[in-house]
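Contents: one structure, followed by commentary.
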Amino acid sequence: MTDQNVTEAAERLLEASRTGRPCAPVRDLLGSDDLAGAYAVQRANVERALTAGARRAGRKIGLTSRAVQRQLGVDRPDFGVLLDDMAVGQDEPVRAGRLLQPRIEAEVAFVLAHDLPHRPVTAVDILRATDFVVPALEIVDSRIAGWDITIVDTVADNASSGLYVLGTRPIRLGAVDLPAVRMRMTQDGAEVSTGTGAACLGDPVNAVVWLANTAREQGDPLRAGDVILSGALGPMVPVVPGARFVAEVGGIGTVRAMFAEEGE
């Protein structure tokens, strides 16, 4: 992997985003197991967005399901960067052309009140640093045609980030047993996904601990005010124009997302 490979991979993904036409995977440029190169591509396109006026809002954690990890042949999660223009209000219809190949999943979002320490982070540190949690819907997307991805492709593609919606009723982290929470997501009233907090690395707190330590090792620790999407509680579902999704996360609350009809 060379700087030129990183630049070409970043340009390929950026062009897919600009044109609305999914591209070929980038693993041909980076190699099948070069996670350092994949994160370099991710950083390059995030920096471009920041230079263009976007603002960092937090991070998202992906690959927290053991089943998905086995599918991609990995034994660890990945992460991407959330930008301010990825946030969507609950009653704000998402235009059909805003994303390329959207899918949706329900999660628990952590909002930090304090910076994480510059040392190995534990669950106790996460408990102390978290201001509150809310239910969230992550609208994941892929710039890569047909979701033909490996771990390298999705990391380079900012962990397949798209948009996200947060619930508006904050809950103190200590007031809920996260591994035991049950999630139910419906599409236009019909159940399409279920799961529990334990589906996210056994406990969403575990996922945030992993993220905090990984980010610290990369010299970019988590900060006060960061929104952290901790990972899916159940299977993700393809999005179709006109759909309305509602996720109920027991003990935490509900969150909804709306999608405009084709052409709107």
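Dividing the convex hull volume of the alpha carbon atoms of region 1-41 by its residue count, what do you get in Å³ per residue?
Values: hull volume 2.3 nm³, N = 41.
It is 55 Å³ per residue.
Sort the chain into rounded, prolate or oblate with this rule: let a ≥ b ≥ c be the square roots of the eigenvalues of the Cα gyration tensor; rounded if a/c is under 1.5, and if a/c is not under 1.5, prolate when a/b is larger than b/c, oblate otherwise.
Details: a/c = 1.57, a/b = 1.13, b/c = 1.39.
Oblate is the answer for the chain, as a/c is 1.5 or above yet b/c matches or exceeds a/b.
Given points 7 Å out from each Cα along the Cα-Cβ axis, report the Ala113 to Arg172 separation in nanometres with one decimal.
For the pair Ala113/Arg172, the computed spacing is 0.8 nm.
Search the structure for amide H atoms under 5 Å from the amide H of Gly58, placed 1.01 Å from N in the peptide plane, and list their residues when 5 or more places away or on another chain.
Hits under the 5 Å cutoff: Leu82, Val227.
Starting at the first residue of region 111-125, write each ³J(HN,Hα) from the Karplus equation 6.51 cos²θ - 1.76 cosθ + 1.60 with θ = phi - 60°, in whole Hz, x for Gly and Pro.
Residue by residue, region 111-125 yields 10, 8, 9, 9, 4, 7, x, 8, 7, x, 9, 10, 4, 4, 4 Hz.
Of Gly58, Ile104, Leu83, which is farthest towards the positive pole of region 1-128's charge dipole, taken about the Cα centre with +1 and -1 on the beta-carbons of Lys, Arg and Asp, Glu respectively?
Ile104
Return the distance in nm (one decimal) between the two label points of a simple spin-label model at Thr196 and Asp3, each offset 7 Å from Cα along Cα→Cβ.
Label at Thr196, label at Asp3, 5.1 nm between them.
Assuming a ≥ b ≥ c are the square roots of the Cα gyration tensor eigenvalues, decide whether region 23-135 counts as rounded (a/c under 1.5), prolate (otherwise, with a/b larger than b/c) or oblate. Provide the component values of the computation, followed by the final result.
Details: a/c = 1.42, a/b = 1.12, b/c = 1.27.
Since a/c stays below 1.5, the shape of region 23-135 is classed as rounded.
Largest first, please: the extent of the C-alpha atoms of region 35-83 along each principal axis, to the nearest Å.
Over region 35-83, Cα extents along the principal axes are 37, 21, 11 Å.
Would you calculate the separation in nanometres between label points at Arg66 and Glu217, each defined as 7 Å from the Cα along the Cα-to-beta-carbon direction?
Using points 7 Å along Cα→Cβ, the separation is 2.1 nm.
By how many nm would the segment from Thr122 to Asp28 lengthen if fully extended, with 0.36 nm per residue of separation less the alpha-carbon distance? Could the numbers behind the result be given before it?
Values: separation 94, 0.36 × 94 = 33.84 nm, distance 3.70 nm.
My answer for the length gained is 30.1 nm.
Let me know the longest stretch in the chain that avoids all trypsin sites (Lys or Arg not before Pro) found in a DSSP loop with at most 10 other C-beta atoms within 10 Å. Please list the in-between numbers first.
Values: sites that count: Arg55, Arg172.
Longest run free of exposed loop sites: 56-171.
Could you put Thr51, Thr7, Thr186 in order, starting from the residue whose Cβ has the fewest other Cβ atoms within 10 Å?
Ascending number of Cβ neighbours within 10 Å: Thr51, Thr7, Thr186.
What does the charge dipole of region 193-263 about its Cα centre add up to, to the nearest 20 debye, if the Cβ of each Lys and Arg holds +1 and the Cβ of each Asp and Glu holds -1?
Details: 4 positive and 7 negative charges, 23 e Å.
Charge dipole of region 193-263: 100 debye, to the nearest 20.
Using alpha-carbon pairs under 8 Å, 6+ residues apart, how would you state the relative contact order of the chain in percent?
Values: 620 pairs, mean separation 70.3, N = 264.
Taking the mean separation of contacting Cα pairs over the length of the chain, I get 27 percent.
Out of residues 5 or more away from Leu201 or on other chains, whose amide H comes under 5 Å of its own, with H placed 1.01 Å from N in the peptide plane?
For Leu201, the qualifying residues are Arg66.
Can you give the charge dipole size of the chain about its Cα centre, rounded to the nearest 20 debye, using +1 on the beta carbon of Lys and Arg and -1 on the beta carbon of Asp and Glu?
On the way: 27 positive and 35 negative charges, 93 e Å.
The dipole magnitude comes to about 440 debye.
Could you give each residue of region 143-159 its phi-based ³J(HN,Hα) in whole Hz, using Karplus coefficients 6.51, -1.76, 1.60 with θ = phi - 60°, and x for Gly or Pro?
Result, ordered by residue: 7, 9, 4, x, 6, 7, 10, 10, 4, 5, 5, 6, 4, 4, 8, 6, 6 Hz.
Could you give the length gained by full extension between Ala87 and Ala145, i.e. 0.36 nm per residue of separation minus their alpha carbon distance, to one decimal place?
Details: separation 58, 0.36 × 58 = 20.88 nm, distance 2.40 nm.
Value of the extension gain: 18.5 nm.
Using Cα centres only, tell me the gap between region 69-135 and region 176-255 in whole Å.
First find each Cα centre; the distance between them is then 7 Å.
Every read-out reported here was derived from the displayed coordinates using simple, explicitly stated rules and does not represent laboratory data. Quantities reported herein were computed from a predicted structural model and do not represent experimental measurements. Methodologically, a virtual Cβ is constructed for each residue, glycine included, from the backbone with ideal geometry; neighbour enumeration extends over all protein chains shown.
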